[in-house]
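Written below as structure tokens is the structure these notes are about.
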Amino acid sequence: MEVKIIPAPQTALPTSAQPISSELEVRIRKRFSNPEGSFNLNVHFRALAGFTIIFGASGAGKTTLLDCIAGLTDPDDGRVAVGGEDLYDSEKKQNVAAWKRRIGYVHQDLALFPHLTAEENVAYGLHTLRAAERQTRSREMLGLFRIGHLRDRRPAQISGGERQRVALARALVTEPRALLLDEPLAALDRPTKSSLVGDLRRWNQSHRVPILFVTHNGEEVFALGDEVIMLDGGRIVAQGQPHEVMRVPRLETIARLSGFENIFNATVVALHEDRGTMTCRLGKDGVELETPLVRADVGSRLRVGVRAGDLLLATENPRGLSARNVLPGTILRLEQRDVIISATVDCGGTEFEVHLTLAARDSLGLGPGKSVWVVVKTHSCHLMGM
Amino acid sequence: MNWEAFWLTVRLAVIVSTLLIAIGIPIAYWLTYSRWRWKFLVEAAVALPIVLPPTVLGFYVLVALGSRSPLGRWWESLTGHTLAFTFEGLVIGSLLYSLPFAVQPFAASFGAVDSSLLRASASLGHSPAQTFRRIVLPLSKAGLVTGFALSFAHTLGEFGVVLMVGGNIPGVTRTISIDIYDQVETANYSSANETALVLLIISFVVLSTVYSLNRRPWVAGPWK
């Protein structure tokens, strides 16, 4: 499985992009602290070429993990290897210095050098090359990231999205053997985000290296992920394809992370094996929901998670819907968050959080006290063990 | 106006502040990045000349330079004369006397460089020494200028150390401040006033040059 590559000396790197393949192996134990206390980071995984998302709430150990891989922090013990070459091995007492590792690292705060222009920033990592080649390569990369026109500006003179591009270009131009991205898109608006992701993907097609992409944003996981590693309290709690890890959460911590605004304790009241569903009662005597069938007995207790964005609101009792659950209720309050309206709806003692657009609120004339029907598709109900 | 004393003083100040750039940068580097647990002792020792009476410092330098100390004997065997009461001795005394005025601004500006820049530089394949040269030093320009100017101005006006180490030999160790003292002693107030005024103006010019150079040059402006 391990692909052995012989790292070429930097001066001999080809000017044109040439596919190389490598694999990142990480086995790390490290004590770290966050505001909530002290944790043990204890992870073991392999990342192949392409995007691997490291997903977790803040304080889960994501940045500590990247720092250990980059060599900026020493693990307590373990092994870090890229393309079969050991960068850190506690048994062999091996620890390659960060500046010799050739691992690209873009931190959330970007850390552009304020006294250098965009072009000088990008050329910074090419210091072993001759000046002419350094210029060719950095201009090529500035062009690829569509920031060629900014090359003589300093970081303070360009926008946030442009700074992000400079930081990425600066890391990629050195042709790293692996790339670590610590929430590099966190501060960007959605269109900028997706165009940057496109640029990254394009680069990754010609440079087959592992990219570890840290985020706490569930949306980015679906947009990017080939493989997701879910971190919680320093441990890997789930790993796999985005839809496996995110859509069918098995642990409630994951459910909260991946955007289940509605989580209810529930009791199974009836099984409908013929149609592949079952009926669950929410809370003690709340409403009943038809949910997908899982291996459970009548009377067993579980949790139901529903995303606020998966719920529909109707101002009249809807007919002819495929959705199995239509629950009458009353709007308690509306809150605006950016461009989303979050409505809290009381359905016979069970409160649902429903996300709407501004336009939907206005055209339906929604407001507190209004009678509405909440529509819940069976397959929007995600079941978890207690 | 005693021009001989004036140029001697300027020569002393230029030599001392230039040497302090060379000596002060490694010391400040070590003070900034060392994790040695007893580092604070070195910090305190470097800062001593700020609080020590110049005569105390001058006295110990005189003893250390004299023919009874190893340093003094070594210098004597090398050159045939002692260090005490010479211009070279004055340079050594002034180096110690002005050391904190160079090292402290240097260390403060090195320490103020955002550590995330150092980490980024390492990830881009630069050794700590390369990072220091290409990131820390350029971003510490303000501190370097300040340290240079402060040690220059401080050496320009020293009195106690000079008197203890150098004495008062015209053309060799008689600096402006000693010259002013001499003139006041002989009730020559108008000449003392003239020299004092020159010293005052030079000090002001040096400091205002520092502050004008230290207006942050690579911030685009408040509008950003």
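All of the numbers you see were taken from the coordinates with simple rules; none came from a lab. Since the model is a prediction, treat every value here as computed from it, not as a measurement. Neighbour counts run over all protein chains shown; Cβ positions are idealised from the backbone, glycine included.
Across segment A:266-384 the C-alpha pair distances fall into 5 Å bins from zero in the proportions 2, 11, 22, 23, 18, 12, 7, 4, 1 percent. Site pair B:S212 and A:Q135 shows an inter-label distance of 3.4 nm when each label is modelled 7 Å from Cα along Cα→Cβ. Of the GluC sites (Glu not before Pro) found in segment A:79-182, those that fall in a DSSP loop while having at most 11 other beta-carbon atoms within 10 Å are A:E91. Between segment B:50-87 and segment B:10-29, the C-alpha centres lie 19 angstrom from each other. Arranged from fewest to most other beta-carbon atoms within 10 Å of their beta carbon, A:M141, B:M164 become B:M164, A:M141.
Computed from the Cβ-Cβ distance with R0 of 25 Å, the FRET efficiency linking B:L78 to B:I50 stands at 0.20.
The angle between the Cα long axis of helix A:160-172 and the longest principal axis of the Cα atoms of chain A comes to about 50 degrees, rounded to the nearest 10.
Of the residues A:D226, A:D77, A:D338, A:D285, the one with the fewest other Cβ atoms within 10 Å heads the list, and the complete ranking is A:D338, A:D285, A:D77, A:D226. For chain B, modelled as a GNM whose springs connect Cα atoms under 10 angstrom apart, the maximal fluctuation among B:L150, B:L19, B:L200 occurs at B:L200.
Of all DSSP beta bridges confined to the protein assembly as shown, the antiparallel ones make up roughly 80%. Here the Gaussian network model covers chain A, with springs between Cα atoms less than 10 Å apart; of A:H115, A:H44, A:H207, A:H115 fluctuates the most. Segment A:146-195 and segment A:59-124 have Cα centres lying 18 Å from one another. The B:Y33 and A:L332 beta-carbon pair, evaluated with R₀ = 35 Å, returns a calculated FRET efficiency of approximately 0.05.
Each stretch of four or more DSSP H residues adds -39500 (n - 2.57); spread over every residue of the protein assembly as shown, this sum gives -12500 deg cm²/dmol at 222 nm.
Summing charges over all other residues whose Cβ lies under 14 Å from the Cβ of B:G66, with Lys and Arg as +1 and Asp and Glu as -1, gives 0. The alpha-carbon of B:K39 sits under 18 angstrom from the alpha-carbon of none of the aspartates and glutamates, leaving out residues fewer than 8 places away in its chain. About its Cα centre, the protein assembly as shown has a charge dipole of approximately 920 debye under the convention of +1 per Lys or Arg Cβ and -1 per Asp or Glu Cβ, with nothing else charged. With respect to the cross-link table entries A:K193/A:K370; A:K62/A:K92; A:K62/A:K377, which display a Cα-Cα separation exceeding 28 Å? Over 28 Å apart, Cα to Cα: A:K193/A:K370; A:K62/A:K377. Take the Cα of A:H127, step 7 Å toward its Cβ, do the same at B:F159, and the gap between the two points is 4.7 nm. In this structure, B:K141 and A:V294 have a Cβ-Cβ separation that, at R0 = 60 Å, corresponds to a calculated FRET efficiency of about 0.35. Remark: mean inter-chain Cβ contacts per residue of A:153-162 equal 2, using a 10 Å Cβ-Cβ cutoff to other protein chain atoms.
Electrostatic bookkeeping for B:R35 treats Lys and Arg as +1 and Asp and Glu as -1; over the other residues with beta carbon under 15 Å from its beta carbon, the sum is 0. Excluding same-chain neighbours fewer than eight residues apart, the aspartates and glutamates reachable from A:K100 by a Cα-Cα span under 17 Å are A:D67, A:D74, A:E85, A:D86, A:D89, A:E175.
Comparing A:S363, A:S300, A:S206 in a Gaussian network model of chain A, where Cα atoms under 10 Å apart are tied by springs, the biggest mean-square fluctuation is seen for A:S363. Here is the list for segment A:113-211: trypsin sites (Lys or Arg not before Pro) lying in DSSP coil, each with at most 12 other C-beta atoms within 10 angstrom of its C-beta, are A:R130.
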